[in-house]
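Scroll down for the structure; my scribbles are underneath it.
The values are calculated or read from the model by the stated rules, or taken from the named source; none is laboratory data. Quick caveat: nothing in here was measured; it's all calculated off a predicted structure. We place every Cβ from the backbone using ideal geometry, glycine too, and count neighbours over all the protein chains shown.
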Amino acid sequence: MNGPAGQGPTVLEISANAGVVQARQLVRALAQECRLSLVEQTKLITAASELARNTLIYGGGGTMTAALVSEYGRRGVRLVFTDHGPGIPDVGLALTDGWTSGNGMGLGLSGSKRLVDEFVLDTAPGQGTTVSITKWAR
């Protein structure tokens, strides 16, 4: 993964609400640099905001690794959210629209999955959670 202007990936700490705001700002900058359309930028930023908030609230904090990527002649933005929280005991249930383990609307994981081109969830009870998303420029 490459960060802005060919640099390495950017790792951002998400340990407070300020980290969620910084994540949105970084994702917006990368989406613009990748030349995503305004609609695609909005989708990616929305997904990133939801996942950053999940990292903070349910994972107890963690990191977002963000980078510009290039594969098969296409460019995109890849984001990886990692926490060392309790993990997700029932992934199928967690990806069901409307289900929430807290006071949210239940759109975080399932909504984020619909907004991006690639979505990979790796989690186990007691092992934390890693979510990788990618949005490709059209």
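Values computed for the structure shown
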quantity: Test: residue in the range 105-120 that is buried (at least 17 other Cβ atoms within 10 Å of the Cβ) and in a strand (DSSP E or B); calculated: yes
quantity: Matching residues, the range 35-51, being outside any helix (DSSP H, G or I) and within 13 Å of V116 (Cβ to Cβ); calculated: L36
quantity: Hits in the range 81-114 - residues which are at pLDDT 95 or above and of a type outside the set (D, E); calculated: F81, T82
quantity: Those residues of the range 52-89 which are in a strand (DSSP E or B) and in contact with a helix residue (DSSP H, G or I) (Cβ under 7 Å, 6 or more places away or on another chain), in sequence order; calculated: G62, M64, A66, L68, V77, L79, F81, D83
quantity: Positions within the range 32-62 being in contact with an Asp or Glu (Cβ under 7 Å, 6 or more places away or on another chain) and surrounded by 20 or more Cβ atoms within 10 Å (Cβ to Cβ), in sequence order; calculated: T55, G59, G62
quantity: Cross-chain or 6+ apart pairs with Cβ under 6 Å, the range 49-60 first and under 12 Å from V21 (Cα atoms), then of a type in the set (K, R) and surrounded by fewer than 22 Cβ atoms within 10 Å (Cβ to Cβ); calculated: S49/R24
